[in-house]
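Single-structure report; data block below.
None of the figures in this text is laboratory data; all of them are computed from the coordinates on show. Because the structure is a prediction, the values reported are computed rather than measured. No Cβ is skipped: glycine too gets one built from the backbone with ideal geometry, and neighbour counts run over all protein chains shown.
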Amino acid sequence: MKIEALVSRAKAAQAAGDPWHFHLLFPGCKLNNSKDHVFVLELAGETLESRSAEPQTAAGEELVQLQFGKKILRPPAAPTANPAVAAMLQEIGELGAGNLRAWHHHVLLPGCAFNPHPGTWTVLFEGKTVREAVFDEEPREELARLETVYYGKN
Ligand SMILES: [Zn+2]
Ligand SMILES: [Zn+2]
């Protein structure tokens, strides 16, 4: 499926108020069993994929702001109080913000097919180490900290 078609399906779901979220999977990612870059869109009862040789980070940057608002790419001024996220950010500082060949993270929503802790918000980090942070509620500020460095906006 073409990435443009997938993005327009996400926009349609957002406009209709239907649940949706996406994943940007690089080769080597724990959630990716192929050698392609895979952009996954999870809709209510339907999962769509777009495969490509290069990562579709521009589509990710567009959709993450559609999903969470533009503030998702503006980190809070205060440092995180969450030890798991602090460890992720420290490792990202060593590997480089936006260096997505070295690290990435996943935001696994309560209904996400990949979430090992259904009903929670799980942040799965893959860098030199694999780390997890699990939240009962949407961790908006922690997501902003991570998305900002993921898209190299810090
Ligand atoms: Zn991954
Ligand atoms: Zn998902």
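Here are the numbers for this structure:
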| item | result |
| --- | --- |
| Charge dipole (debye, nearest 20) of the chain; +1 at Cβ of Lys and Arg, -1 at Cβ of Asp and Glu | 320 |
| Radius of gyration, Dmax [the chain; alpha carbons; angstrom] | 14.7, 41 |
| Per-residue HN-Hα couplings for segment 128-135 [Karplus 6.51, -1.76, 1.60; θ = phi - 60°; Hz; x = Gly/Pro] | 5, 10, 9, 10, 9, 10, 10, 10 |
| Per-residue HN-Hα couplings for segment 112-120 [Karplus 6.51, -1.76, 1.60; θ = phi - 60°; Hz; x = Gly/Pro] | 6, 5, 8, 6, x, 10, x, x, 10 |
| Amide H partners (placed H, <5 Å) of Leu25, local residues excluded | Val38, Phe39, Val40 |
| Size of segment 81-149 as Cα extents on the principal axes (Å, biggest first) | 32, 24, 17 |
| Neighbourhood net charge (12 Å Cβ-Cβ; Lys/Arg +1, Asp/Glu -1) for Ser34 | 0 |
| Alpha carbon convex hull of segment 1-78, volume per residue in cubic angstrom | 116 |
| Partner lysines for Lys128 [C-alpha distance under 24 Å; skip if fewer than 8 residues away on the same chain] | Lys30, Lys35, Lys153 |
| Residue-wise HN-Hα coupling along segment 53-67, computed from phi with Karplus coefficients 6.51, -1.76, 1.60 (Hz; x: Gly, Pro) | 7, 10, x, 8, 6, 5, 5, x, 5, 5, 6, 5, 6, 5, 6 |
| Longest exposed-site-free window of the chain, the sites being trypsin sites (Lys or Arg not before Pro) in a DSSP loop that have at most 12 other C-beta atoms within 10 Å | 36-100 |
